[in-house]
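Inspection log for the structure reproduced underneath, given as structure tokens.
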Amino acid sequence: MIGRLNHVAIVVPDLAAAAATYRDTLGAAVSEPEDQPAHGVTTVFVELDNTKIELLHPFGEASPVAKFLEKNPSGGMHHVCYEVDDILAARDRLLAEGARVLGDGEPRIGAHDKPVLFLHPKDFCGTLVELEQV
Ligand code: CO
């Protein structure tokens, strides 16, 4: 059911420092930071040949990654995102398997303007999983 790894998201305490690490130390192509008020994050995209790394930093008051950063002050891996062809079919299959879909279970438009859902980490090896319809 799941297809390609779309991205790995890493929450960081200092976006400029994290971007410099990926650009200068690891030699990757790194975007400029972009505020995403609708999602409560500022993002830097690291483009790799086979996937992307998204560096996330809280933006604004109620950021969905603020609590994560409090618990992990030096940053850490936040979620992995897998591509699916049909997000509603994927959701229904997962619910039938007993997996928990976060929120109200309806796909939302994610940071790439595509429908996304998040799955409970306890059902997926301790990892928050995002599904994105591509
Ligand atoms: Co994501």
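Go through the stretch 19-44 and count every residue that is in contact with a Gly (Cβ under 8 Å, 6 or more places away or on another chain) and without any contact (Cβ under 8 Å) to a residue 60 or more places away in the chain. Outline the logic, then answer.
As a first pass, look at the stretch 19-44 and keep what is in contact with a Gly (Cβ under 8 Å, 6 or more places away or on another chain): 37, 39-40.
If we keep only those that are without any contact (Cβ under 8 Å) to a residue 60 or more places away in the chain too, we end up with 37, 40.
Residues meeting the conditions: 2.
Test D85 against the stated conditions and say whether it is free of Cβ contacts under 8 Å to residues at least 12 places away in the same chain and more than 16 Å from the ligand (Cβ to nearest atom).
On the way: free of Cβ contacts under 8 Å to residues at least 12 places away in the same chain: no; more than 16 Å from the ligand (Cβ to nearest atom): yes.
Answer is no for this residue.
Name the residue, out of D113, D86, that is modelled with pLDDT under 95, of a type in the set (D, E) and under 17 Å from V134 (Cβ atoms). Working first, answer last.
On the way: D86 fails: modelled with pLDDT under 95.
Testing whether each residue is modelled with pLDDT under 95, of a type in the set (D, E) and under 17 Å from V134 (Cβ atoms) leaves just D113.
Starting from the stretch 96-109, take each residue that is within 7 Å of H120 (Cα to Cα) and list its partners that are part of a loop (DSSP other than H, G, I, E, B), counting only C-beta distances under 6 angstrom and pairs at least six apart or across chains.
Here the result reads R100/H120, each pair linking the stretch 96-109 to a residue that is part of a loop (DSSP other than H, G, I, E, B).
Please give the number of the condition A62 fails out of (1) among the aliphatic types (A, V, I, L, M); (2) at pLDDT below 95; (3) open to solvent by less than 20 Å² (accessible area, probe 1.4 Å).
(3)
Scan the stretch 1-18 and report the pairs whose first residue is farther than 11 Å from F45 by Cβ and in contact (Cβ under 8 Å) with a residue 60 or more places away in the chain and whose second residue is more than 11 Å from the ligand (Cβ to nearest atom) and part of a helix (DSSP H, G or I), with Cβ atoms within less than 8 Å and a gap of 6+ or a chain change.
M1/A90; M1/R93; I2/A90; I10/A18; V11/F68; V11/L69; V12/A18; P13/L69
So E47 ticks every box in (1) in contact with a strand residue (DSSP E or B) (Cβ under 9 Å, 6 or more places away or on another chain); (2) free of Cβ contacts under 8 Å to residues at least 60 places away in the same chain; (3) open to solvent by less than 90 Å² (accessible area, probe 1.4 Å) but one. Which box is left unticked?
Checking E47 against (1) in contact with a strand residue (DSSP E or B) (Cβ under 9 Å, 6 or more places away or on another chain); (2) free of Cβ contacts under 8 Å to residues at least 60 places away in the same chain; (3) open to solvent by less than 90 Å² (accessible area, probe 1.4 Å), the one that fails is (3).
Would you pick out the residues in the stretch 23-43 that are more than 17 Å from the chain's Cα centre (by Cα) and surrounded by 13 or more Cβ atoms within 10 Å (Cβ to Cβ)?
First pass over the stretch 23-43, keeping only residues more than 17 Å from the chain's Cα centre (by Cα): 23-29, 32.
Once the filter is applied, which keeps residues that are more than 17 Å from the chain's Cα centre (by Cα) and surrounded by 13 or more Cβ atoms within 10 Å (Cβ to Cβ), the stretch 23-43 yields R23, A28.
Any chance the stretch 68-78 includes a residue that's surrounded by 12 or more Cβ atoms within 10 Å (Cβ to Cβ), in contact with a Ser or Thr (Cβ under 9 Å, 6 or more places away or on another chain) and either in contact (Cβ under 8 Å) with a residue 60 or more places away in the chain or not acidic (D, E) (or both)? Show your work before the answer.
We begin by selecting, within the stretch 68-78, every residue surrounded by 12 or more Cβ atoms within 10 Å (Cβ to Cβ); these are 68-69, 72, 75-78.
Among the residues that remain, those that are also in contact with a Ser or Thr (Cβ under 9 Å, 6 or more places away or on another chain) are: 69, 77.
Now narrow it down to the ones that are either in contact (Cβ under 8 Å) with a residue 60 or more places away in the chain or not acidic (D, E) (or both): 69, 77.
For the stretch 68-78, residues surrounded by 12 or more Cβ atoms within 10 Å (Cβ to Cβ), in contact with a Ser or Thr (Cβ under 9 Å, 6 or more places away or on another chain) and either in contact (Cβ under 8 Å) with a residue 60 or more places away in the chain or not acidic (D, E) (or both): present.
The values are calculated or read from the model by the stated rules, or taken from the named source; none is laboratory data. Just so it is clear, the structure is predicted and the values come from calculations on it, not from any experiment. Note: ideal-geometry Cβ built from the backbone for every residue, glycine included; neighbour counts use all protein chains shown. For accessibility, only protein heavy atoms count, side chains too; no ligands or nucleic acids. Shrake-Rupley method; radii C 1.70, N 1.55, O 1.52, S 1.80 Å.
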